[in-house]
Amino acid sequence: MAASLTLRLLGTPGVVRENGTVGPPVTGQALALLAVLACAGERGVARDKLFALLWPEADASAASHRLSQLVHWARRTLESPTVVNGTKELRLHGSGLACDLWDFEEARRTGRLEQAAALYAPFMDGFYLPGGAGFERWAESRRSELAREYQETLETLAVQAEARGDRLAAAEWWERLSRHDPLSSRVTMHLMTALAAAGERARALAHAQSYQRQVRADLDAEPSPAVLALAQMLTREPGAVAAPPVLAVGVLPFLALGDDPELRALADGLTEELMTALGELAGVRVASRMALMAVKLETPDVRELGARLGLGAVLEGSLRSAAGRVRLSVRMVDVADGCQRWVERWDLPAGEGPPDEDALARQVADRFQMRSLGSGRGGLRGSPSAGGAGAPPAAHG
């Protein structure tokens, strides 16, 4: 049966009819309940979790009564006796009800990325649930997660446009990503490079200036030297087009060997920070996580992975605890032949608090630059341990 009502969660939330007119008035706790159930999908949500999100101060009996009333109201208002079903876990039944969030996730899952990009808007934008601190924290977490998915979608579209030589489309996608993440030096450099390659040098320089002003105003910090250097190059050489990346690289999720949850968290965080640090290096393009994992799921062959994404190398890493220390191992694999080109190891003292993920990622990025691009960065040249406070011990390899 075709859906007659659509639950909108991207942008201003609410319910609309099939013809686009405003649907039944669903607000407050009812809208919050539908949002939580829509995000859970077929997994459903345990009643106890709903109690904690919507009525954290109420006892179980009172919360159960309120939830039953809310479910009954939703079924009557949405004119569907099965729109919310389940006993121990509640689920949102899709028959007769569509949801823009489901459409966004399905478009990403099936590779219809332009459609996904068109559907996106901030999750439940402007919605506030009085007295619902638990729900607000949940919503903010979901909002951030969807924003990251949108960012990955735009970056994948930009990289795909670059791969097929469509410079104008690449610049448009990088520009959309820049509007979404205006303080990212990595995105700024990609946009400047794409604009210059498309013959829009003046726009590239204007964007560099806009980035500098916003970083100083919003972060009270100095802009990235790499952005300034690229802007200076374009200023000195009016006819120059920013050179294409020297090396395109993919960063596979780092592995945590063992069952230590702190080690897993460190591996996840280090993967993200390393992608950012590598993206700030001149002459490096970093594949988006979404694009990399989508191809990785289809083929285990690193050579095919590299060919499909236009990569020159893949970085792999692992962390393990042993004898009171944490060992980080990082390997670079040449996708042309699937052979390992180099490996580096860092030994980190355990039990002294979590390592500074950003500092550690920059140590790895500097080692990558020295080993793969033939140069180091400032005082870190030639030694991953020269980073001062918070830097890991010397690398081995």
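Brief remarks on what is shown
- Thr110 meets the conditions (1) more than 29 Å from Ala277 (Cβ to Cβ); (2) of a type in the set (Val, Ile, Thr); (3) buried (at least 19 other Cβ atoms within 10 Å of the Cβ) in every case but one. The failed one is (3).
- Within region 68-100, the residues that satisfy the criterion of being assigned to a helix (DSSP H, G or I) and either in contact with a strand residue (DSSP E or B) (Cβ under 6 Å, 6 or more places away or on another chain) or without any contact (Cβ under 8 Å) to a residue 24 or more places away in the chain (or both) are Ser68, Gln69, Val71, His72, Ala74, Arg75, Arg76, Asp100.
- Going through (1) buried (at least 16 other Cβ atoms within 10 Å of the Cβ); (2) out of contact with any Pro (no Cβ under 7 Å at 6 or more places or on another chain) one by one, Val15 falls short only on (2).
- The residues listed here are Ala226, Ala198; of these, the one that is at pLDDT 85 or above and not assigned by TED's automatic domain parsing to the domain that holds Gly312 is Ala198.
- Residue identified as under 29 Å from Gly306 (Cα atoms) and more than 17 Å from the chain's Cα centre (by Cα) among Ala158, Ala171, Ala217, Ala231: Ala171
- Within the set Ala52, Ala38, the sole residue that is in contact (Cβ under 8 Å) with a residue 40 or more places away in the chain, within 12 Å of Ala98 (Cα to Cα) and assigned to a helix (DSSP H, G or I) turns out to be Ala38.
- Taken over region 174-189, the criterion of being of a type outside the set (A, V, I, L, M) and part of a helix (DSSP H, G or I) is satisfied by Trp174, Glu175, Arg176, Ser178, Arg179, His180, Ser185, Arg186, Thr188.
- Here region 338-371 is the region considered, the condition is being charged (D, E, K, R) and touching a helix residue (DSSP H, G or I) at 6+ places or on another chain (Cβ under 7 Å), and the residue that is nearest to Leu305 (Cα to Cα) is Glu344.
The values are calculated or read from the model by the stated rules, or taken from the named source; none is laboratory data. Treat the numbers as computed from the prediction; the structure is a model and nothing was measured. Heads up, the Cβs are rebuilt from the backbone with ideal geometry, glycines too, and the neighbour counts pull from every protein chain shown.
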